[in-house]
Every structure is written in C-alpha cells, then in structure tokens.
1. Residue 20 to residue 116: extension gain in nm, 0.36 nm per residue of separation minus the Cα-Cα distance?
2. Tabulate in residue order the Karplus-calculated ³J(HN,Hα) for the range 214-226, using 6.51 cos²θ - 1.76 cosθ + 1.60 with θ = phi - 60°, rounded to whole Hz; enter x for Gly and Pro.
3. For 219, 155, what's the fewest-to-most ordering of other Cβ within 10 Å of each Cβ?
4. Dividing the alpha-carbon Rg of the chain by 2.2 N^0.38 Å yields what?
5. For the residues 66, 20, 84, what sequence is obtained by ranking on other C-beta atoms within 10 Å, fewest first?
6. With each pseudo-label sitting 7 Å past Cα toward Cβ, what's the residue 107-residue 296 distance in nm, one decimal?
7. Please list 3J(HN,Hα) in residue order for the range 228-233, calculated via the Karplus relation 6.51 cos²θ - 1.76 cosθ + 1.60 where θ = phi - 60°; whole Hz, with x for glycine and proline.
8. Between residue 308 and residue 236, with labels modelled 7 Å along Cα→Cβ, what's the label distance in nm to one decimal, could you check?
Amino acid sequence: ATVAQLAEWNGTGATSDGHRVKVYGNVGSPADARAAADAGAEGVGLFRTEFCYLDASDEPSVAEQRAAYTAVLSPFRGKPVIVRTLDAGADKPLAFLSPEAEPNPALGVRGLRVAFDRPEVLDRQLEAIAGAAVDSGADVSVMAPMVATVEEAAWFAVRVRAAGIARAGVMIEIPAAALSAREILGVVDFVSVGTNDLAQYTFAADRQLGAVAQLNDPWQPGLLRLLKLIGDAAKATGKPAGVCGEAAADPRLALVLAGLGLTSLSMNAPAIRTVGASLAAATLADCEALAEAALVTSDPAAARAATRP
Ligand code: PEP
Ligand code: MG
C-alpha cells in the first residue's frame with residue numbers, strides 16, 4: 001500500500017465497496033494488547049494464552065488466570081476478542097502440561113489434545129476466561145488450537161457452553177480439519193485458520209526449520225486451495241472464518257484471502273494499518289479476481305506474480 005492509502009484507512013476493515021473483512025490483532029501480553037488497540041485493531045482475533053505461562057512451573061489458579069486475562073483484554077472493552085485455550089506442546093512446552101518426551105512432538109499430544117486427558121485443566125481455564133469477560137467488558141469468544149476432527153470440535157463446544165461462554169470456535173491448523181471445514185462449522189460458531197501450522201502440516205515441513213522454509217510459504221497454491229475450502233464453508237454456512245496466522249499480515253495476500261471468502265484477518269500490531277489500507281483500496285470483485293488468478297498457478301512465485309498490481 002502507498003503512503004496515501006495508509007492515510008486513508010478509517011479503522012473499519014472493509015473493501016472500497018463496503019464488504020466487511022474485520023482487521024484484528026494477535027496478542028499474548030498486556031503490552032501487545034495496548035499496541036494492537038493503538039494500531040486500530042477492531043478486536044482481538046487471537047489471544048495466545050500460553051504466552052502468559054511459558055515460565056510457570058505449576059498450573060496458575062483460576063483467580064491468577066482471570067487477572068492475567070483481564071489485564072490483556074481490558075483495552076478491548078465492548079469489542080470482540082477471541083481467546084485461545086492453552087496451546088501447549090511442540091514449539092511451546094508448558095512445564096505443568098507438556099507430555100513426556102515424544103518422538104515427534106509436532107505430531108504428538110499438543111493443543112486441544114492435552115485437554116482430552118486432563119479436561120479439568122481446560123474447565124478451570126474456561127472458568128477464568130468467563131470471569132475475565134465480566135471483568136474486562138470485552139465481547140469474548142473462545143477457540144481451541146490443533147483440532148483434527150468434527151468430533152473434537154463438538155466436544156470442545158459443549159465444554160465452552162457449559163462454562164457460560166457464548167461463542168465457541170476452533171482453529172483450522174490440520175489439513176483434515178480444512179477438508180471438514182463445513183462440517184466443523186456445523187458444530188461451532190466460527191473457525192480461525194492458523195496458517196503457520198496449516199502450512200507445516202500440509203507440506204510436512206517443520207515450521208522452525210530454515211531448510212524447509214520455502215515449503216512453508218503461504219503463497220503455495222496447495223495451501224491456497226485448502227483456504228478456498230474454508231472460505232467456501234464460511235459462505236455456505238454464513239458463519240465467520242478468519243485467518244490468524246502470519247499469512248494475514250501480508251497486504252497483498254490479505255486481498256486474496258478476502259476474495260476466497262475469509263471474513264477476518266488477525267495479525268501483529270505493525271501490520272494492522274497496512275492491511276486495513278490494502279483492503280480499503282480494492283473492491284470485493286478485485287479480491288475475487290486476485291484469488292482466482294492465484295488459485296490456478298503452480299508455484300508461489302507465479303501466485304505472487306499473478307496478483308501483482
Ligand atoms: C498458526 O499456527 O498459524 C497460529 C496462529 O498459531 P501459533 O502460531 O500460535 O501456532
Ligand atoms: Mg498454531
């Protein structure tokens with residue numbers, strides 16, 4: 001986006017013809033939340049709660065969690081925020097939750113899988129989140145990381161609703177979940193795509209390993225085709241499907257994502273205005289044309305070239 005376009009973003013995520021694509025912030029601490037609010041985020045699309053506890057040796061109490069989450073959510077009083085339940089394991093081990101040594105931690109008991117063995121930890125976190133919703137005044141939804149099946153999504157939604165939280169969603173980070181996006185949206189209120197993990201699992205390429213970084217490129221047409229399935233599911237069900245991985249922070253790719261039918265984009269604070277301005281400079285038809293052009297390419301360079309202004 002040009003400087004002129006940047007100056008024009010009015011803080012409401014939308015294409016120039018008024019198609020809404022909400023622009024949210026990714027946060028993990030009170031400082032992140034203030035930065036996102038200052039940058040004009042319309043809400044929070046991903047609160048990584050595990051970031052609060054990377055150094056904790058014991059499970060924090062419900063009261064401690066409630067205070068920690070309230071501190072992060074307070075800048076978003078009256079605004080939509082999506083709190084993600086603990087995403088422990090693999091690249092983000094938590095001392096009080098992480099499984100014993102596993103041969104392949106990225107494929108092991110991580111994310112929501114931890115909760116199947118220890119649902120009481122999830123229930124205590126949900127109680128704390130419900131309390132933080134009251135204390136912060138934010139409009140809170142909750143979502144689970146690393147969901148593979150419709151059955152897992154339904155199991156999570158039941159527990160969220162039992163905790164008195166109005167909206168339950170899941171992340172789409174595993175190809176099987178992308179392939180079942182429509183059925184998953186049948187049992188939850190929204191989905192949010194974690195493109196970092198979705199790319200890792202789609203290309204069987206460790207997201208932390210530089211040697212395979214070219215596979216973990218969000219412009220890979222194979223990944224874009226999975227994203228199209230998710231956009232189609234959002235259109236078919238009328239439910240929201242956002243993107244909260246790094247892909248959402250690329251102002252050109254943001255247009256492709258909007259064109260594919262994704263309904264919100266969530267990113268770190270520095271990208272918020274640029275992405276908002278990029279959306280404001282295109283029509284929905286422009287975005288759809290860019291998405292179509294990218295989808296029929298055979299490699300990331302061609303996908304980028306096909307969408308260049
Ligand atoms: C992702 O996987 O894209 C994501 C947003 O979650 P995290 O980066 O925390 O794994
Ligand atoms: Mg992830």
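Please treat every number below as a calculation from the coordinates, not as lab data. As the structure is a computational prediction, the values presented were derived from the model and not from experiment. Every residue, glycine as well, gets a Cβ built from its backbone with ideal geometry; the counts of neighbours run over all protein chains shown.
1. Numbers: separation 96, 0.36 × 96 = 34.56 nm, distance 3.63 nm.
Computed gain between residue 20 and residue 116 is 30.9 nm.
2. 5, 6, 7, 9, x, 8, 4, x, x, 6, 4, 5, 5
3. On the way: 219 22, 155 17.
Ascending number of Cβ neighbours within 10 Å: 155, 219.
4. Details: Rg = 18.4 Å, N = 309, 2.2 N^0.38 = 19.4 Å.
Rg over 2.2 N^0.38 Å, computed on Cα atoms: 0.95.
5. Working: 66 22, 20 15, 84 28.
Lowest count first: 20, 66, 84.
6. Between residue 107 and residue 296, the label points sit 3.7 nm apart.
7. So the J values, rounded to whole Hz, are 4, 4, 6, x, 4, 5.
8. 3.6 nm
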